[in-house]
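The values are calculated or read from the model by the stated rules, or taken from the named source; none is laboratory data. What you are looking at is a predicted structure, and each value in this text was computed from that prediction instead of being measured. Every residue, glycine among them, receives a Cβ derived from its backbone with ideal geometry; neighbour counts consider all protein chains shown. These accessible areas exclude ligands, DNA and RNA; they are computed on the full protein's heavy atoms, side chains included. Shrake-Rupley method; radii C 1.70, N 1.55, O 1.52, S 1.80 Å.
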Amino acid sequence: MTDAHEHLEKLMLELRRGTITIAVLSQLFTPQYGYSLVEMLEEKGITIEPGTLYPLLRRLEKQGLLASKWDTEASRPRKYYLLSQTGKEVYGLLVEEWRRIVTSLNDVIETKGVEEHGND
Amino acid sequence: MEMIDRYIYAVTKKLPQNQRQDIADEIRGLIEDMLDERIGNGKTQEKNLEDILLEIGSPRELADKYRDKKKYLIGPELYDSYMIVLKIVLITLGASIGIKFIVETVLDPLSILDYFIDMIISLVTGFPMALGWTTFGFALGEMFGDIREQDILKQTWHPSDLPELPNKKSQIKRCEPIGGIIFYAIALVFFAFSSDFFGVWVFQDGFTGVVPFLNEQTYGMYRLVIILLLGISILKECIKLVIGKWTVKLAVISTILNAISLTIILFLINQADFWNPTFMQDLVASDIVAFGSDAYDVVSKVWDQVTLWLVIILVIGLIWETIDAFLKTRKN
């Protein structure tokens, strides 16, 4: 049992790594700073460590999907991130791809169930 | 809170210079936000901060994520020092080879073509070698420099493992190791290419020759040992430049290297055939001192004692350097 959990943990890590980008992009139609994003996603049931999110935001900015701006007026300076034009396009395409994956995966899972049933 | 500064310092020193400030500001904001959120949860601020840093992860992991796990031959932490050392080594090498050519040509203008060809050969073979060895040394430092005791002894990272912020008193001024490297590099080139000029220069209506200090017959054998000795000294200065402050680790490394140098020096100087055996006769032959004069007695005594005094000076120098290193570490 613990062995299965160990495997699960590793696989979930990979699964999350791939999907977390979509979650992050989805929240950046309005400007957000790193920690507000952590809290927003947490509320929606998606846990992301700040130590993962902050470097990710930077990487997405470097790739041109996000734009950033320092707000120095508030009590402490914060770096706000926002989807760029490219970012919005990429997000749209990603969502489409995601839906396709969900459909085909569901399909695969269902079919396998039927086959197993048939073999019994 | 000093712990925050230490954490940020530990993360950003592994990142490229141009990103450091921005990332530092961002992480500071994050830590402060997380601290604010936990105010009034019954724990002390220190404990909360510890939890937060553990949550964010070890500085190395975080820095790796920022670097996108890119692997470097020579990473940002060492890059500045690498460039400085490389410049010093190449400039010294180029200048020394140039100066050697000029000196040789002035002393013997007729053979200028030979000297010129020698110079070109030295440049062509010397530059790639210097570049290669410097790069190799720093690449080794990059590979093994990051292995810390905690990797071997325990798996988990704790905020108390954070390095101290660089302290002004124990900091090594950059000019100190740089000066050292230049000095040793010049000496290295000098001994490697032209020990024939290491002696008393005789001028009688112009330059007539050199009475060498060292035994020319055996020098070829000892040259490698001298180069090794100077190489160790350059290595020591490079490590000082990279670490940048007096730490116990640096003091220990420097003690070990000093002990090795000391052993080599003692070995070298105690070889009977190391010094020029006919030094006094050569001096008389070049009319510098007359046999039996007062000057002859003085020079002869000095020459006989030179080994002893050289050893004493070097031993005191190296021991002093070792003690000094530990004293400076204590100030930290």
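Overview of results
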quantity	calculated
For chain B, accessible area per residue (1.4 Å probe, heavy atoms of protein chains only), Å²	57
Accessible surface, 1.4 Å probe, highest first, among residues A:Glu96, B:Glu142	A:Glu96, B:Glu142
When chain B is reduced to its Cα atoms, the Kirkwood hydrodynamic radius in Å	24.1
Relative contact order (percent, whole number), the range A:2-119, Cα cutoff 8 Å, 6+ residue spacing	23
Distance histogram in 5 Å bins (all Cα pairs of the range B:172-308, percent per bin)	2, 9, 15, 16, 16, 13, 11, 9, 5, 3, 1, 0
Compactness index (Cα Rg / 2.2 N^0.38 Å), the range B:42-97	1.99
Positive-end extreme of charge dipole, the protein assembly as shown - chosen from A:Thr21, B:Val298, B:Ile97 (charges on Cβ)	A:Thr21
Protein accessible surface hidden between A and B, which excludes ligands and nucleic acids, total in Å², probe 1.4 Å	1700
Cα long-axis angle, helix B:45-56 against chain B (0 to 90 degrees, to the nearest 10)	80
For the range A:2-119, size of Cβ-based charge dipole, Lys and Arg +1, Asp and Glu -1, in debye	740
Relative contact order (%) - chain B, alpha-carbon pairs under 8 angstrom, separation at least six	17
The range B:203-332 - charge dipole about Cα centre, Lys and Arg +1 at Cβ, Asp and Glu -1, debye rounded to 20	1240
Given charges at beta-carbon only (K, R positive; D, E negative), |dipole| of the protein assembly as shown in Debye	840
Kyte-Doolittle at least -0.5, axis length at least 24 Å by Cα - qualifying DSSP helices, chain A	A:2-26
Of B:Val211, B:Tyr222, B:Gln271, farthest towards positive along the dipole that unit charges on Lys, Arg, Asp, Glu beta carbons give the protein assembly as shown	B:Val211
Leading residue at positive end of dipole, chain A (Cβ point charges), from A:Pro50, A:Ala74, A:Gly92	A:Ala74
Those residues of the range B:46-90 for which accessible area with every protein chain present is at least 50 Å² below the isolated value (1.4 Å probe)	B:Lys65, B:Tyr66
Accessible heavy-atom area order of B:Arg330, A:Arg78, A:Arg16, highest first, probe of 1.4 Å	B:Arg330, A:Arg16, A:Arg78
Computed helical MRE - 222 nm, chain A, DSSP H runs ≥ 4 contributing -39500 (n - 2.57), nearest 500	-24000 deg cm²/dmol
Degrees between helix B:112-145 axis and first principal axis of chain B (Cα, 0 to 90, nearest 10)	30
Computed accessible area, B:Trp309, all protein chains, 1.4 angstrom probe, square angstrom	140
Average Cα contact separation per residue, the range B:1-158, under 8 Å, 6 or more apart, as relative contact order %	25
Extension gain from A:Glu43 to A:Thr103, taking 0.36 nm per residue of separation minus the Cα-Cα distance	19.0 nm
Per residue Cα convex hull volume in Å³ - calculated over the range A:2-119	136
Distant-in-sequence amide H partners of B:Leu214 (H built 1.01 Å from N, under 5 Å)	B:Asn276
Shielded by partner chains, the range B:1-39 residues - at least 50 Å² of accessible area, 1.4 Å probe, vs chain alone	B:Asp22, B:Glu26, B:Leu30, B:Asp33
Expected-Rg normalisation [2.2 N^0.38 Å, Cα atoms] applied to the protein assembly as shown	1.46
Accessible surface of the range B:1-70 [probe 1.4 Å, protein heavy atoms]: carbon and sulfur percent	45
Lysine pairs meeting the criterion (Cα under 20 Å, 8 or more apart or interchain), as found in chain A	5
Sequence-distant residues sharing a close amide H with A:Ser84 (under 5 Å, placed H)	A:Leu66, A:Ala67
Portion, in percent, of the accessible area of the range B:244-332 that falls on carbon or sulfur, probe 1.4 Å	70
Minimum 10 Å² accessible area buried by the other protein chains, the range A:62-108 residues, probe 1.4 Å, relative to alone	A:Lys62, A:Trp70, A:Arg76, A:Pro77, A:Arg78, A:Lys79, A:Tyr81
Accessible heavy-atom area order of A:Lys69, B:Lys14, highest first, probe of 1.4 Å	A:Lys69, B:Lys14
Protein accessible area in the range A:2-119, 1.4 Å probe - carbon and sulfur %	56
Isotropic mean projected area of the C-alpha convex hull, the range B:1-70 (nm²)	4.5
Rounded accessible area per residue of the range A:2-119, 1.4 Å, Å²	67
Table column - 3J(HN,Hα) (Hz), the range B:23-35, Karplus curve with 6.51, -1.76, 1.60, x for Gly and Pro	5, 4, 4, 5, 5, 4, x, 4, 4, 5, 4, 5, 5
Nearest-10 value in Å² for the accessible area of B:Ser122, using the 1.4 Å probe	20
Probe 1.4 Å - accessible area at B:Phe191, Å² to nearest ten	40
